[in-house]
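The values are calculated or read from the model by the stated rules, or taken from the named source; none is laboratory data. Nothing here was measured: the structure is a model prediction, and the numbers come from that model. Cβ atoms come from the backbone with ideal geometry, glycine included; neighbour counts cover every protein chain shown.
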Amino acid sequence: MSKYDFGMIGLGTMGRSLLLNMADHGVNGAGFDKDAAKGAQLETDGAGAKGNVKGFSDVEPFVASLNSPKAIMMLVPAGKIVDEVIEELLPFLDKGDILIDGGNSHFTDTNRRVDYLEAKGFHFFGMGVSGGEEGARRGPSMMPGGDKAAYNVMKPILEAIAAKIDGVPCVTYIGPGASGHFVKMVHNGIEYGLMQLIAETYEVLRNGLQLSNEEIHDVFAKWNEGRLSSFLIEITRDIFTYKEPGADHLLVDDIKDEARAKGTGKWTSQIAYDLESPITVIDASVSMRDLSKYKAIRVKAADLYTQSVALNVDKEAFLKSLEEAFFFSMIMSYAQGMFMLSRASAEYKYDLQLDEIAKIWRGGCIIRSKFLENIYGAYGKNKALEHLLLDADVVALVQGATQGMRTVVSSAVSAGIALPCYSAALSYFDNFKTANMPSNLTQAQRDYFGAHTYALNGKEGFFHTQWMPKS
Ligand code: 6PG
């Protein structure tokens, strides 16, 4: 019986595509899925590839078909299914075998599994995989963290299948423990923020400037030629051309305005609060997905309140400001995410190399963009950079886009157009760049009603005041 180099559990779109990508690079891959049709699909799609692929619907022969030490990746929905798959596999594994979780697992689950599997003598690492179906098939960005020895065994295969930028693979060892899944979670948080910024841009274009879908397409097409060039702008451009066969209008116009989520954006916000690292753009994006779900209530409210009005502006000049505003907000979104990574690195001792993370996000992943070159450059020249907004080149870019940002936010807000992520980006910036936030007053209030004490400028220690005579 021929033996396979690599095993994949879960032959959904991502698992099958990754295995086919490996087969293109000469890796013989076995795939397991309880649904035998998916194994058959794998074999059909993989016919003629450099490596052989075979589908299994029983665990035992699947595991037995692998060379030792066995290397198996799970690509199944996050949560208890991952634990169930692990339990199903364990009786057939030998000490020294390698197990990889390539799904979007919560990093605390990965921490638990790292300890559990290490204690049993297995190598385990969690790896974020980004790029959707096309990325998995042609070259994803991958964020492996945990067991470094096991990663090194897998490194040649992972580097071969990864996206490449100037020949450099978009995969690198991230750090210990669950750091790979942590970094992927923050990647997804940034993804949520950028997607909401694009949605708000669409709102400004269609309701504020009253542009047609064709004109909106042209705006995104133009943006994608310049400094905003990115995967998300590119697919948005294409969405504004897509009609179903035989239809006379765009599909996007028929899609219900209720956004769903699998949870990674919410987790990013939850953990950001734990780490005390503000990610206001991501927070707003998570909240707006949630608000969108209350369609029935929004429909009632629409009858009760005055709606937004068209912008009374010079179109060409405003579009120039809008490009600046998007650039500005995009920078804030990445900057907040990178800062969260630096806080996590200190808190969880991940020793994250932010330049390396920016490097592997330049290709293959959903948040890939031209601007990631700037981020890579900023952290590359100063590995101890405290915050992306302190980098001299970034300062110049932000300064150059600030006026456009203020024009867009103030005009849209006056017209009643909701810009929660743009506004969050601007307010974050305006507070970030001030040496004097109004938080002295918050401290005074806390001390007034709760004797929580305050610190004084230029003095050591904490103080309490009896603000009013006791009654
Ligand atoms: C990626 C994506 C991928 C997935 C998201 C979608 O990097 O390839 O982020 O992981 O598309 O999980 O997330 P939501 O369903 O929460 O929007």
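Report whether or not LEU319 is farther than 30 Å from ASN111 by Cα and at pLDDT 95 or above.
Working: farther than 30 Å from ASN111 by Cα: yes; at pLDDT 95 or above: yes.
The answer is yes for LEU319.
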Identify the single condition in (1) aromatic (Phe, Trp, Tyr); (2) without any contact (Cβ under 8 Å) to a residue 24 or more places away in the chain; (3) surrounded by 12 or more Cβ atoms within 10 Å (Cβ to Cβ) that TYR305 does not satisfy, given that it satisfies every other one. (3)
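Just to confirm my filter: which helices (runs of 4 or more DSSP H) fall fully inside the stretch 92-204 and include at least 1 residues that are at pLDDT 95 or above, of a type in the set (Lys, Arg) and closer than 30 Å to MET288 by Cβ?
179-203
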Scan of the stretch 398-417 for residues that are among the hydrophobic types (A, V, I, L, M, F, W, C) and touching a Ser or Thr at 6+ places or on another chain (Cβ under 8 Å), ordered by number: MET405, VAL408, VAL409, VAL413, ALA415, ILE417
Condition first: surrounded by 13 or more Cβ atoms within 10 Å (Cβ to Cβ) and of a type in the set (A, V, I, L, M, F, W, C). Can you find one or more residues in the stretch 446-462 that meet it? no
Could you tell me whether any residue of the stretch 136-150 is within 15 Å of the ligand (Cβ to nearest atom), out of contact with any strand residue (DSSP E or B) (no Cβ under 7 Å at 6 or more places or on another chain) and more than 30 Å from ASP257 (Cβ to Cβ)? yes
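Kindly provide the set of residues from the stretch 87-132 that are buried (at least 20 other Cβ atoms within 10 Å of the Cβ) and more than 16 Å from the ligand (Cβ to nearest atom), ordered by number. Spell out how you get there, then give the answer.
Pass one, the stretch 87-132, residues buried (at least 20 other Cβ atoms within 10 Å of the Cβ): 89, 93, 97-107, 110, 113-114, 117, 122-131.
Scanning the stretch 87-132 gives LEU89, LEU93, ASP97, ILE98, LEU99, ARG113, VAL114, LEU117, PHE122, HIS123, PHE124, PHE125.
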Wholly within the stretch 226-318, helices (runs of 4 or more DSSP H) carrying at least 2 residues that are within 16 Å of the ligand (Cβ to nearest atom) and either touching a helix residue (DSSP H, G or I) at 6+ places or on another chain (Cβ under 6 Å) or among the β-branched types (Val, Ile, Thr) (or both): 231-239, 264-275, 280-292
Among the residues of the stretch 63-84, count how many are out of contact with any strand residue (DSSP E or B) (no Cβ under 9 Å at 6 or more places or on another chain) and farther than 18 Å from HIS106 by Cβ. 2
For the stretch 355-443, give me every one of the helices (runs of 4 or more DSSP H) that falls completely inside it and has 1 or more residues that are in contact with a strand residue (DSSP E or B) (Cβ under 6 Å, 6 or more places away or on another chain). none
